[in-house]
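The values are calculated or read from the model by the stated rules, or taken from the named source; none is laboratory data. Everything quoted here is computed from the prediction, not taken from an experiment. Positions of Cβ are backbone-derived with ideal geometry, glycine not excepted, and every protein chain shown enters the neighbour counts. All accessible areas refer to the heavy atoms of the entire protein, side chains included, with ligands and DNA or RNA removed. Shrake-Rupley method; radii C 1.70, N 1.55, O 1.52, S 1.80 Å.
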Amino acid sequence: MSKPVILTGLRANNDLHIGNYLGALLPLVDMAKNKSGDYQINLFIPDLHSFTTPIEHGSLQATIMQNLKIFAAAGLPLDNPDVFLYRQSYIPAHSELAWILDCFAGMGEMERMTQFKDKSAAIGNDRVSVGLFNYPALMAADILLYDAAYVPVGDDQTQHLEFTRDIAERMNKQFGELFIIPKPVKEQHEFFGKDQGLRIRDLQDPTKKMSKSDASAKGIIFLTDKPDEARQKIMSAETDSLGEVQYDYEKRPGVSNLLDMLKLLGGDGQPFIGQNQYGPLKTAVADRVAEFLTDFQTKLAQVDEQAIDQKLESSETKMNEAANATLLKVQKAVGLR
Ligand code: TRP
């Protein structure tokens, strides 16, 4: 019996920051460590998705390698035989299945996708790409090719997961048991824990999450920041005028964010609770962040690129086999073979 599959896409992103690290990377690395053995873990770079909105194409290759190195530095177990690491575009079946799914997806259901609506409103309808519109069909192919049961994604992606279930059920109804349907969102949450992916806030505006789309970099700690620079950013973090350290995101979002960062980086905020000055807490967080960055950047410099290349190559060979088997079933069902 093959192991049930957990699958997720690691969006290639330049300028990863500590919010990405604590909120997304670390939970994924922990998941890969804890669930392997009982599960097969598919982690892939959705490189075909990466230019559904405009990017700098000349640096895509470098960005992908940098991201993979960051995952390795964060502790992703490259030598674990249950963990597969691959690039979407190296497995042509993703594109081929996406086209077939496109022909069974309705314009109406695709137009209702909130990510498309939000992004196209921001870009303007003339320049928004057809690729962005089609995004969910390619994502459904990513999932269905490997019979994935569990798909850890952020809240912004749950609608795409629902779409994947819908289109898989629709095709199963028409053609017989073609696809394994991924678990419903509720079961995904039960499986991964609902508070997975805690949101670290912007240091200058702690009412919103840390995001690289923010114009000022003062509220963001990038993984490549110099430790002293990061220390400065923590020391000038926005707090409040209440003058007492309490964990309370309603009234004290800045202080609560600092307490969360401290805890996630292995520190202890408890001794600061009730203090009527913020300086000591800030200093403790600044120290911890600087220490973390020093350590992380050392590990990153030591990552063996060759080990990553080997992992990609062996995973992509196996994944092509698995994906092609599913694709052939679908091609037969729709009359192409
Ligand atoms: N859309 C996901 C994101 O933006 C990335 C992604 C692409 C993905 N294909 C996927 C995630 C398949 C899970 C499964 O984060």
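Worth pointing out:
- Selection count, segment 129-156, where residues are under 19 Å from Ile55 (Cβ atoms) and free of Cβ contacts under 8 Å to residues at least 24 places away in the same chain: 2
- Within segment 299-309, one or more residues are open to solvent by less than 40 Å² (accessible area, probe 1.4 Å), modelled with pLDDT of 95 or more and closer than 30 Å to Asp147 by Cβ.
- Verdict on Phe222 being away from the ligand (no atom under 16 Å from the Cβ) and surrounded by 15 or more Cβ atoms within 10 Å (Cβ to Cβ): yes
- Residue check, Ser95 touching a Leu at 6+ places or on another chain (Cβ under 6 Å) and within 16 Å of the ligand (Cβ to nearest atom): no
- Of the listed requirements (1) open to solvent by less than 10 Å² (accessible area, probe 1.4 Å); (2) over 30 Å from Leu258 (Cβ atoms); (3) within 14 Å of the ligand (Cβ to nearest atom); (4) touching a residue at least 60 places away in the same chain (Cβ under 8 Å), Leu68 misses just one: (3).
- For Thr283, the requirement of being assigned to a helix (DSSP H, G or I), touching a residue at least 24 places away in the same chain (Cβ under 8 Å) and surrounded by fewer than 16 Cβ atoms within 10 Å (Cβ to Cβ) is met.
- Test: Asp142 is within 13 Å of the ligand (Cβ to nearest atom) and over 15 Å from Val5 (Cα atoms): no
- Filter pass, Lys209 being more than 22 Å from Glu291 (Cα to Cα), among the charged types (D, E, K, R) and touching a residue at least 24 places away in the same chain (Cβ under 8 Å): yes
- Hey, Asp214 surrounded by 14 or more Cβ atoms within 10 Å (Cβ to Cβ), under 30 Å from Ser89 (Cβ atoms) and more than 15 Å from the ligand (Cβ to nearest atom) or not: yes
- Number of positions in segment 6-27 that are within 11 Å of the ligand (Cβ to nearest atom) and in contact with a strand residue (DSSP E or B) (Cβ under 7 Å, 6 or more places away or on another chain): 6
Let's see how each residue does on (1) among the small types (Gly, Ala, Ser); (2) in contact with a helix residue (DSSP H, G or I) (Cβ under 7 Å, 6 or more places away or on another chain); (3) farther than 19 Å from Ile18 by Cα:
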| residue | (1), (2), (3) |
| --- | --- |
| Ile221 | no, yes, no |
| Ile234 | no, yes, no |
| Asp260 | no, no, no |
| Pro271 | no, no, yes |
| Asp287 | no, no, no |
| Lys299 | no, yes, no |
| Thr317 | no, no, yes |
| Val334 | no, yes, yes |
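- So Leu258, is it under 30 Å from Leu68 (Cβ atoms) and of a type in the set (A, V, I, L, M, F, W, C): no
- In the set Leu178, Leu203, only one residue is in a loop (DSSP other than H, G, I, E, B), open to solvent by less than 30 Å² (accessible area, probe 1.4 Å), closer than 20 Å to Ile6 by Cα and hydrophobic (A, V, I, L, M, F, W, C); that residue is Leu178.
- Counting the residues of segment 36-52 that are surrounded by fewer than 20 Cβ atoms within 10 Å (Cβ to Cβ) and assigned to a helix (DSSP H, G or I) gives 2.
- Evaluating Gly193 against the criteria (1) away from the ligand (no atom under 16 Å from the Cβ); (2) over 28 Å from Lys119 (Cβ atoms); (3) within 18 Å of the chain's Cα centre (by Cα); (4) open to solvent by 40 Å² or more (accessible area, probe 1.4 Å) leaves one unmet condition, (4).
- Any chance Leu60 is crowded, with 17+ Cβ neighbours inside 10 Å and not β-branched (Val, Ile, Thr): no
- Among the numbered conditions (1) in a loop (DSSP other than H, G, I, E, B); (2) within 19 Å of Gln204 (Cβ to Cβ); (3) open to solvent by 40 Å² or more (accessible area, probe 1.4 Å), the only one that Ala237 does not meet is (3).
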